[in-house]
Every structure is written in structure tokens, then in C-alpha cells.
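Asks: Mind having a look at this structure? Questions to follow.
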Amino acid sequence: MKKITLLLGLLAISFLVITGCDSKDLKLNGESTLEIDKDSADFMVVNDTLVSTGASFTLKNNLDTEINYGGEYTIERKENDKWYKIKPIQNMNFDLPATTLNALETYELFISWNSIYGKLPEGKYRMIKNINYTINSKNVNAYISAEFEIK
């Protein structure tokens, strides 16, 4: 009997992981204090790619030097003209290797957030990515964002 109960419990957990959390489970995790760098790079959703579980984004380097970025990201939700961090539904694990984007180069990437945030309900959001670059021998760590709306 214990084996059947354990098996049913594992199946229920597997179902939740595979299907993702329901939008009503979205939990906010405090107001965001990040300052967004709007000059070094353009980061935006590619037209007609946005769904409640992911999207394609373009990242354009506006600098005369290369920028580096990794796979990590966070998503924030806008409410009452303020940005709030969304609590992930599971631990976030990202690849550590950095990707280099050459000066004035553009790259398109697809990001699926279903396993980390689940299906996002209707609302206004922004995807936050961390970038690094060097200007005048000074290393700069900055945050860029792509705003989008789930309808």
C-alpha cells in the first residue's frame, strides 16, 4: 500500500512539473529596485512570438565594444506603475558560459520560462538580463529589460 501511495504522489508531482503551475499561483516577491541600462543594448520581444510560456527576443549591442551575457534571467510584473519580482516556482539553474555579442551586432534568442515561472497570466511584464562590458578599462555590470504584455 505504501508503494502505491508513493507512486501516486510521484505521479502527481510529475504532472505538476510537466504542466507547469497555473496562473493563479503567481506570487510576487517584493518591489524591484533594479536600475535598467537603456543605452548599452536594445532588448525586445520579436513580433508574433509571445505566448504565456515564452518568447523570442532580440538583443542588439549599441556599444563600440563587445558585451557578454549568460542564460540567466528574471521576470518582473508591473502593478500600479511599479515593478515587482515574481517568485520562481522552482530553483533557477542556468548555464554558466557567457555569450559574447560583438559591437553593434544583433542576436535573436528564444526563452521558455514555463519551468521556472509557469504560465504567466494576463498582465504587463519585463524580462531582465544581466550584461557585462568594458568601457575605458572599466568593467561594467548592467541590467537590460524587454517589456511585454500577456493578453
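The values are calculated or read from the model by the stated rules, or taken from the named source; none is laboratory data. Just so you know, these numbers come straight off a predicted model, no measurement behind them. Note that we place each Cβ from the backbone using ideal geometry, even for glycine, and neighbour counts take in every protein chain shown.
Asks: Among residues belonging to segment 86-119 that are modelled with pLDDT under 95 and among the charged types (D, E, K, R), point out the one that is nearest to residue 32 (Cα to Cα).
Replies: Across segment 86-119, the extreme among qualifying residues is 87.
Asks: Okay, moving on. Touching a Phe, Trp or Tyr at 6+ places or on another chain (Cβ under 7 Å), in contact (Cβ under 8 Å) with a residue 60 or more places away in the chain and more than 30 Å from residue 138 (Cα to Cα) - does that describe any residue in segment 61-69?
Replies: no
Asks: So, one more: Among the listed residues 59, 50, identify the single one that is out of contact with any Pro (no Cβ under 7 Å at 6 or more places or on another chain) and under 18 Å from residue 134 (Cα atoms).
Replies: Working: 50 fails: under 18 Å from residue 134 (Cα atoms).
Of 59, 50, the one residue that is out of contact with any Pro (no Cβ under 7 Å at 6 or more places or on another chain) and under 18 Å from residue 134 (Cα atoms) is 59.
Asks: Turning to a different aspect of this structure: What is the residue count in segment 60-102 for residues that are among the small types (Gly, Ala, Ser) and in contact with a strand residue (DSSP E or B) (Cβ under 6 Å, 6 or more places away or on another chain)?
Replies: So in segment 60-102, the residues among the small types (Gly, Ala, Ser) come out as 70-71, 98.
Cutting the leftovers down to in contact with a strand residue (DSSP E or B) (Cβ under 6 Å, 6 or more places away or on another chain) gives us 98.
Counting residues in segment 60-102 that are among the small types (Gly, Ala, Ser) and in contact with a strand residue (DSSP E or B) (Cβ under 6 Å, 6 or more places away or on another chain) gives 1.
Asks: Tell me yes or no: at least one residue of segment 23-36 is farther than 20 Å from residue 130 by Cβ, at pLDDT below 95 and assigned to a loop (DSSP other than H, G, I, E, B). I'd like the intermediate steps shown before the answer.
Replies: First, pick out the residues of segment 23-36 that are farther than 20 Å from residue 130 by Cβ: 23-28.
Among the residues that remain, those that are also at pLDDT below 95 are: 23-28.
Subsequent filtering for residues that are assigned to a loop (DSSP other than H, G, I, E, B) retains 26-27.
Looking through segment 23-36, at least one residue is farther than 20 Å from residue 130 by Cβ, at pLDDT below 95 and assigned to a loop (DSSP other than H, G, I, E, B).
Asks: Moving on to the next point. Can you tell me which residues in segment 122-151 are touching a Leu at 6+ places or on another chain (Cβ under 8 Å), surrounded by 14 or more Cβ atoms within 10 Å (Cβ to Cβ) and over 18 Å from residue 70 (Cβ atoms)?
Replies: 148, 150
Asks: If I ask for residues that are surrounded by 12 or more Cβ atoms within 10 Å (Cβ to Cβ) and within 12 Å of the chain's Cα centre (by Cα), which ones from segment 93-111 would you list?
Replies: 109, 111
Asks: For segment 45-65, which residues satisfy the criterion of being crowded, with 17+ Cβ neighbours inside 10 Å, touching a Lys or Arg at 6+ places or on another chain (Cβ under 9 Å) and not aliphatic (A, V, I, L, M)?
Replies: Of everything in segment 45-65, those that are crowded, with 17+ Cβ neighbours inside 10 Å, touching a Lys or Arg at 6+ places or on another chain (Cβ under 9 Å) and not aliphatic (A, V, I, L, M) turn out to be 52, 57.
Asks: How many residues, within segment 41-52, are part of a loop (DSSP other than H, G, I, E, B) and touching a strand residue (DSSP E or B) at 6+ places or on another chain (Cβ under 6 Å)? Walk me through it before giving the result.
Replies: To start, the set of residues in segment 41-52 that are part of a loop (DSSP other than H, G, I, E, B) comprises 46-50, 52.
Okay, now just the ones that are also touching a strand residue (DSSP E or B) at 6+ places or on another chain (Cβ under 6 Å), so 46, 49-50, 52.
Residues in segment 41-52 being part of a loop (DSSP other than H, G, I, E, B) and touching a strand residue (DSSP E or B) at 6+ places or on another chain (Cβ under 6 Å): 4 in total.
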